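Only one structure is covered here, and it is reproduced in the block below.
The values are calculated or read from the model by the stated rules, or taken from the named source; none is laboratory data. These figures come from a predicted structure and were not determined experimentally. Here Cβ is always computed from backbone atoms with ideal geometry, including for glycine, and neighbour counts include all displayed protein chains. Only protein heavy atoms, including side chains, enter the accessible area calculation; ligands, DNA and RNA are left aside. Shrake-Rupley method; radii C 1.70, N 1.55, O 1.52, S 1.80 Å.
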Amino acid sequence: MKYLEEYRDPALARRLLDELRRTATRPWQIMEVCGGQTHTLVRQGIDELLPAGIRMIHGPGCPVCVTPLETLDRAMAIAARPEVTLTSFGDMLRVPGSGTDLLALRARGADVRVVYSPMDAVRIAEERPDREVVFLAVGFETTAPANAMAVLHAARLGLGNFSMLVSHVLVPPAMTALLDSPDCRVEAFLAAGHVCAVMGWTEYEPIVERYRVPVIVTGFEPLDLLEGILMAVRQLEQGRAEVENQYVRAVRRTGNTEAQSAIRRVFRVTDRAWRGIGPLPASGLTLADEYARFDAARRYDVAALSPAEHPECIAGAILIGTALPTDCSAYGVRCTPRTPLGAPMVSAEGTCAAFHTAGRRRPDTVTTDLRQG
């Protein structure tokens, strides 16, 4: 297939790996900040093929995983109301809240629907004026433009029965928080290509200048990632710290200015709690006062919630790269894609789901299997 198979060529992958081995003279630790990149790295075994000493740290790049537990609990409290139709992308339905998930709530009779676009939610609100339609708006900067356009469209239609429960998060503040941590081991970043397709990479330039860490804007295919890692290692070996763009076929420095304009018009920056990480200043988006009438958090009195994580889940440590899924005692035993204890085992971009899908096992379970064999 044109423009896909070309980025999965095994011969080119071997050449890039050989070049990495020739380039690296010491250990380096690189974090990818994208769940899609994590899945490619793990599914293709790239992280295990890298030269000794080059370690990939899987960062908080899964938007479903970092959606605050409080937001999930709010969504379920709203969805339980008889007059409400709650709409969401499908990957949010099985994310566990404090006590249940949206899929279980739907099984008990709540009107919870999967949509493929926020515009679908607007259409439902237009067709069903007797229902209160709420869209669960989560994600990084990638999904913010479409959500902004849905609000603008609802405003043009004068819909009084449409609202959004907004929990957008922003990548650069999370990177800054990681770098400020005394436990930080990250020496370079692979930035998410789809986020940069919207926002460009100017936001990363102050981070590079302040912390002296290379940032490589990278795509999602195996060759994209191998080339991005090579570009990062070259900078580290040469003592450079710059923003470089590997994903030239999709990203430019200024990004998509029309999409950015829609975001600025509808949203404003706010502090945001990240699931498993905690509050980060100026790391999220919320609806601007001009569009407050579409804010489900204001429309419904669901503020007095006391969210509680499952005591066994170590999602926070996994999301910031200080632990791997295989370090968790529940991984693959009490926590599986069918019975998840935390969000990283649910989402298609979650690190735990990536490891489980790729057959990665905890060392103690492998040892037990060998003894039984």
Placing each pseudo-label 7 Å from Cα in the direction of the beta carbon, Arg131 and Ala358 end up separated by a distance in nanometres of 4.0 nm
Computed for the stretch 239-364: size of charge dipole around the Cα centre, +1 on C-beta of each Lys and Arg, -1 on C-beta of each Asp and Glu, debye to nearest 20, value 340 debye
Once the dipole of the stretch 192-273 is set up from charges on Cβ (+1 Lys and Arg, -1 Asp and Glu), the residue from the list Phe220, Ala259, Ile207 lying farthest towards its positive end is Ala259
Per the Kirkwood formula over distinct C-alpha pairs, the hydrodynamic radius of the stretch 1-148 in angstrom is 18.5 Å
The percentage of the accessible area of the stretch 19-69 (probe 1.4 Å, all protein chains present) made up of carbon and sulfur atoms, to the nearest whole number, is 49 percent
Note to self: with every protein chain in place and a 1.4 Å probe, the chain gives an accessible area per residue in Å² of 44 Å²
Taking protein heavy atoms only, a 1.4 Å probe, and rounding to whole percent, the accessible area of the stretch 75-152 owed to carbon and sulfur comes out at 55 percent
Taking a label point 7 Å from the Cα of Asp9 along Cα-to-Cβ, the residues of the stretch 202-224 whose backbone nitrogen sits under 16 Å from it are 221-224
Of the accessible area of the stretch 202-322, computed with a 1.4 Å probe and all protein chains kept, carbon and sulfur make up a percent value of 48 percent
Taking 0.36 nm per residue of separation between Arg264 and Leu49 and subtracting their Cα-Cα distance, the length gained on full extension comes to 73.2 nm
1/(1 + (r/R0)^6) with r = Cβ-Cβ of Arg81 and Asp18, R0 = 51 Å, i.e. FRET efficiency to nearest 0.05, evaluates to 0.30
About its Cα centre, the chain carries a charge dipole, from +1 on Lys and Arg Cβ atoms and -1 on Asp and Glu Cβ atoms, whose size in debye to the nearest 20 is 300 debye
Under 5 Å from the placed amide H of Glu141, counting only residues 5+ away or on other chains, we find Val171
Between Ala273 and residues 5 or more places away or on another chain, the pairs with built amide H atoms under 5 Å apart involve Leu280
In the chain the cysteines whose Cβ sits 4.7 Å or more from every other Cys Cβ are Cys34, Cys184, Cys196, Cys313, Cys328, Cys335, Cys352
